[in-house]
Structures are given as structure tokens and as C-alpha cells.
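For reference, the structure discussed in these notes is given below.
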Amino acid sequence: MSISQRKDGRWCVKYKIDTPTGPKWMQRSFSKDKEAEAKAFDAEATYDEPATSRPTLLECVLAFIKEVPHADHTSRCYEWLVMGHDRKDGTHAVGPAEHLADKFADALDRRDLTSFRDAYLAKGTSEATVQLGEQKLKAALTWCASEDLIPINPWAKYRALPAVHGSHQGTLEDFQKVYAYLPEWMRWPCRVAMACCLRPGVAELFRLRWSAFNWRSGTVSIYMPKVNATKTAYLPERFMTEARARYEADGCDGERYVCRNAHGNAVSRDGYRDAWRVACGKAGVKLPFYAIRHISATEMLARGIDLAAVAAQLGHKDLTTTGRHYAHALPSAQKAAAKALPDCTTFGADGAAQTSKM
């Protein structure tokens, strides 16, 4: 039903069997040179429809990541939430929602959501990370409801766990300090991330291809696996000039990655994280790589750019999302708006003066 490759190269197949007490999910591992055998076993265990008309949480999640495109690491994250994973020493790491995997999705209630949160927090995870995991499960359930696999998303009415994303904060000055110590192959991705207002990481930044650029309109289309949506961002003219030159240097090959490592290959998660960590250490600045997106939004809002326009650049469907996370950047825009009021209020005074002369 589900096949994945672990970091050590082993292939892992999740499949379901019937037992006297009901269906049970099992797991079988194959060595890294047994890919064909693993896929053959997976094909035999695969089924298209749930065993019953009431799919379980696990079945909902697996159906979601099978039918909806996601980055590989995002799919693995979904699997880990409901199935856990096997460690190299042979032990099993329990996923925070694994105890709910075999429960019918339409029977999930508030207590189940609370137990998922508690299990996740018990692992020493931050509330922000728990919130992201909760959002993933809700996204899978919402999709299943839209596909009539379940009547409704049973968790839709429950508010998300409050979390402050303080780790994403950062200033342009801090970024400039870190930028000075970055190798050239990392500086270009930083400029791409800031110009495109995308989420810096493997899913959006380091898998962005030249084919996503529209040179005539000066835009780029970016698929966002986190929210399963595509956004169109308008790009600065100076950045477009540099990007076009790099595109032509790549032989106008639209399938090449826009950002690559020093050897011209795809950038790995460990590769960019190590480079960023070293630069932060040399600069004496504690700044997460994700802060680039935060800084882009903050700078636009601080310069008085309309909230709706910033939301569109970021790919936010709801303006409240932009306002909630970047409200601190709005006061300067409000001050700029206030400066226009004296000119406006003179209309009233001038009108009163004109009336008194009549």
C-alpha cells in the first residue's frame, strides 16, 4: 500500500492484513539493492478502495499523499505522523498519530486531537511543530471529505493549537551579516528566495526549475507543497535581468534547477543547512534560513505595500494569515497613511470657510 526508501537505503513497504480482531497494518523491509522486489511486493499488497466504506485515518492519509502531488520529504512526514518509522538499530519510533491510525476517520473527536497533540509534545517537540503536524492531518481529512471518502473533516471545527513562530523572526541587517559569509552557490539561492517570496528549502527553492519563469510577464509560478497550491509572483526587474543571464548561460534549458550546489548538482537539505549554519556562526548571528521569507514580507509591508499585494506575493489565500504573522510591520504603513490625512482634512476647513463667505 505504501513504499518508501529510508535514509540508509533500505526499502520499506507498509501493507494491511486481516486479523481476527480486525485489519492490522504491517511493515516489511528490503535491502537497498532489492528495489524491484520491494515494488513487486507493494504491487501485490496494493488495493484501490478501502476494505470498508469507512476509511481509517491511515487510509485517508495514504490516499491523500498518493493522489495529491507532494515533495518526497513532505510525503515521508505524513507517513511518519501516522506510521512512525524504523530506526537503524531495528527499533520502531512511534508516530504521534500512530495510535489513531486504525480509527475510523469520521469517528475522530476532540479527545483524539488532544491525544495527538499530547503525544507529539511528549517527544519534546515545539508547539509550532505540533501545529504544522496538525495542519497536515487536517489537510488530508479535508481532501478526503472533498472526495466523498468521508462525510466531513471531523477536526475542521477545532481551532489549531496556538503557537508563536518566533524562530522565523529576523531582520534585514542580520541577513546581510550572514550573507557576507555565504559561499557564492548559496548567495544566489538567497536572492531567489527573497525575490520570489518563496519558502526557502528543498521543496520550493532548490527544486525550482527555469521552466517556471515567464520572461515576457516578469513572473514565476511556484508550486507550494505545504498548502498544495501554485502561486504566481511578480519579480523585481533587476533580479529578472540576472536570472535571464543565468538561464541563457544554462543553455536555455528549462528543466535545469535554478539553484545548484558548487558542483552544479541538486542541493540537498543537509548541504544548504550546513552552509547556512557555518555562515551564521562566522557572522555571530542566530538566524534560521526560513527568515528570508519573513524578511521579504516585512520589508514590503514596512514600505507601505498593500497587504493584499504582499499576501499574493507570499501565496497566502487569506489576508488574515498575512496580517496575523506580519502585523508588526504594518505601523510604518499606517504612519504613511496618516500623513495623507492633513491634506484630506483641509477639505472640511476650506469648505467651511467657503460657506461662511456666502
If a residue must be in a helix (DSSP H, G or I) and in contact with a helix residue (DSSP H, G or I) (Cβ under 8 Å, 6 or more places away or on another chain), how many such residues does the stretch 247-267 contain?
1
Enumeration of residues in the stretch 166-195 that are at pLDDT below 95 and outside any helix (DSSP H, G or I):
GLN169, GLY170, THR171
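Residues are listed down the side, and each one gets a yes or a no for (1) closer than 27 Å to MET224 by Cβ; (2) touching a Lys or Arg at 6+ places or on another chain (Cβ under 9 Å); (3) hydroxyl-bearing (Ser, Thr, Tyr):
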position: ALA40; (1), (2), (3): no, no, no
position: ALA71; (1), (2), (3): yes, yes, no
position: LYS103; (1), (2), (3): no, no, no
position: ARG117; (1), (2), (3): yes, no, no
position: TYR120; (1), (2), (3): yes, no, yes
position: THR125; (1), (2), (3): yes, no, yes
position: GLU134; (1), (2), (3): yes, yes, no
Is it the case that some residue within the stretch 238-254 is under 18 Å from MET194 (Cβ atoms), acidic (Asp, Glu), in the same structural domain as LEU198 (by TED's automatic domain parsing) and modelled with pLDDT of 90 or more?
yes
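Which residues, taken from the stretch 82-93, are among the β-branched types (Val, Ile, Thr) and out of contact with any helix residue (DSSP H, G or I) (no Cβ under 8 Å at 6 or more places or on another chain)?
Once the filter is applied, which keeps residues that are among the β-branched types (Val, Ile, Thr) and out of contact with any helix residue (DSSP H, G or I) (no Cβ under 8 Å at 6 or more places or on another chain), the stretch 82-93 yields only THR91.
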Test GLY251 against the stated conditions and say whether it is surrounded by fewer than 15 Cβ atoms within 10 Å (Cβ to Cβ), farther than 26 Å from SER75 by Cα and in contact (Cβ under 8 Å) with a residue 24 or more places away in the chain.
no
Between ARG256, ARG277, ARG244, which is within 23 Å of the chain's Cα centre (by Cα) and in contact (Cβ under 8 Å) with a residue 12 or more places away in the chain?
ARG256
Among (1) within 20 Å of ALA312 (Cβ to Cβ); (2) in a helix (DSSP H, G or I), which single condition is ARG199 missing?
(2)
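The values are calculated or read from the model by the stated rules, or taken from the named source; none is laboratory data. The shown structure was predicted, so the numbers you read here are calculated from the model rather than taken from an experiment. Reconstructed Cβ throughout: ideal geometry from the backbone, glycine too, with neighbour counts over all protein chains shown.
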